[in-house]
Each structure stands twice: as C-alpha cells, then as structure tokens.
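Report on the structure given below.
The values are calculated or read from the model by the stated rules, or taken from the named source; none is laboratory data. Predicted model only: the values in this text are computed from it and were never measured. Using ideal geometry, Cβ is built from the backbone for each residue, glycine included, and neighbour counts are taken over all protein chains shown. Please note that ligands, DNA and RNA were not included when accessible areas were found on the heavy atoms of the full protein model with its side chains. Shrake-Rupley method; radii C 1.70, N 1.55, O 1.52, S 1.80 Å.
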Amino acid sequence: MPSGAESGPSGAASGPSGAASGHGDVAAVRPGGAAASGAGGEGELGSEDRSRVRLVVVRHGATEWSQSGRHTGRTDLPLLDEGRRQARELGSRLADHDFALVLTSPLCRARQTCALAGFGPVARECDDLREWDYGDYEGRTTDEIRAKRPGWSLWRDAVPGGETARQVGDRADRVIEAVRVQDGDVLAFAHAHVLRVVAARWVGLPATDGALLTLSPATISVLGWERDVAVVERWNDAAGDALG
C-alpha cells in the first residue's frame, strides 16, 4: 500500500520518487473534489474537459489466473514471480518519464505492479480502476461459461450478479475526466478489461468497443492526441520505451 504524506491532484508525482498520496474513488483526485459526470458508456466526453494530457495505462503483471484465462475481477490475487519480474521491467521502461499523477487500482496485483515499477510512494488508489465485476462468472474461463451459454460474450451479454459494460464505461468516464484536468501526463496501473473500456471511451466509442482491443499482462499503452482528436497513440506495447 502506498504510504507517506498526501499530496493534491496537481502535485507533481515525478517519476518513481516523491511523497505518497491518498486513495479513494477518482472523484477525490479532481480539483475541488467535484464528481465526474460520465456519458454512461455512450457518446463522446465533453470538449470542455479536454487538454493535451496523455494517459499512459499499464496492465499488471502475470498472476495465476491471468495465465490460466480465468476471469479475475474482485478476487485479490498477488503477482506470480514472473509477474514481479515483469513489473520491475516496466519500471525500467518508465523511469525516464515524469507524471503529474500516478493512479493504481486498489487490487493487489495492480498495486504490486505499481510498487515494483517504482511508483508506489507517489501513487493514489483509484477505485474506478478496479477490474470489471464478473459476478457469478468470477474465476471461470470463457470456455467454461460457453459450455452452458454458447456464444457468450462479456461485452454483449449479461454477467449474472456483476457489472454491465455501461457501468464499467461510467467508471472509465470518471477516470478520463479526472485525467484531462491534470497539468501533465498521467500514469495508471490497472487491469485488462477496464483498461480496454477506458481506451474505447477515450476516443469516444461505446464501452462495448473495448472488445476490439486485446491487452496482455505487463504492457504499456498510450492514449493521447492528434491535434484536437483523442487517439490511441500506442497499444499493448511489451518492449522498449513506449513513450519515446
């Protein structure tokens, strides 16, 4: 868990050194604590919230369930030794870059990745970056689910007892609105499905279009701008300087 003195959202979280900050939902890191008003997973976020801030997103390193393909939502698994190695490598790839704000999902696998990458002391926990809640399908593989529900898709079909794509899209919108009021690039450590939704919403697509983006463990992706158009600058980058 991050520890140390709390800093406000505009405080520089420059690289992997500096004062630790607080935690909570993403509204807590917005100036004035104003709640974000998401678009419900549909349409485009308001232009009034736009800046040229980039959002650099990192999927956590390998876990037992990520390797076996089991849906890992709220189950709080730690990283495997391989995941810990991947996290340290991510740190070396990100070390030369400064970030105005570092966010992490509160789940262990994301927090461990963040800490091993060297950003634990400056990271703020963001509840909106939790993974999709898979409800009754937690811990099951797609093949196991389709044995009873042929053709099932997380993006299209219901998850009994869990979240809809629209609900995850609402969370993604709050993250994006918090990012776009910062004074510099933002780094976020989280999970495959929620980050795919964040990417779709970043470019104004419905949350369900996250289905078009695959995301591997321990990868870096960059959501940015081409002039005044929000774009995916780089995606699912597993090696080298993704921000170079």
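Could you calculate the contour length gain from residue 214 to residue 149, that is, 0.36 nm times the residue separation minus the distance between their Cα atoms, to one decimal place in nm? Present the calculation step by step, with values, prior to reporting the outcome.
Numbers: separation 65, 0.36 × 65 = 23.40 nm, distance 2.24 nm.
Gain in length upon complete extension: 21.2 nm.
With every protein chain kept in place and ligands, DNA and RNA left out, what is the accessible area per residue of the range 58-129? Probe 1.4 Å, answer in Å². The partial results should precede the final answer.
Numbers: 2550 Å² over 72 residues.
Value for the range 58-129: 35 Å² per residue.
On a C-alpha basis, how far is the centre of the range 70-126 from the centre of the range 220-239 in Å? Whole number, if you could?
That distance is 19 Å.
Measure off, as a whole percent, the carbon and sulfur share of the 1.4 Å-probe accessible area of the range 125-187, all protein chains present.
Working: 1100 of 2620 Å².
Carbon-and-sulfur percentage of accessible area, whole number: 42.
Roll a 1.4 Å probe over the protein chains and send me the accessible area per residue for the range 139-182 in Å².
Values: 2030 Å² over 44 residues.
Here the residues of the range 139-182 average 46 Å² of exposed surface.
What net charge do the residues around residue 79 carry, taking every other residue with its C-beta under 14 Å from that of residue 79, with Lys and Arg at +1 and Asp and Glu at -1?
So the surrounding residues net to +1.
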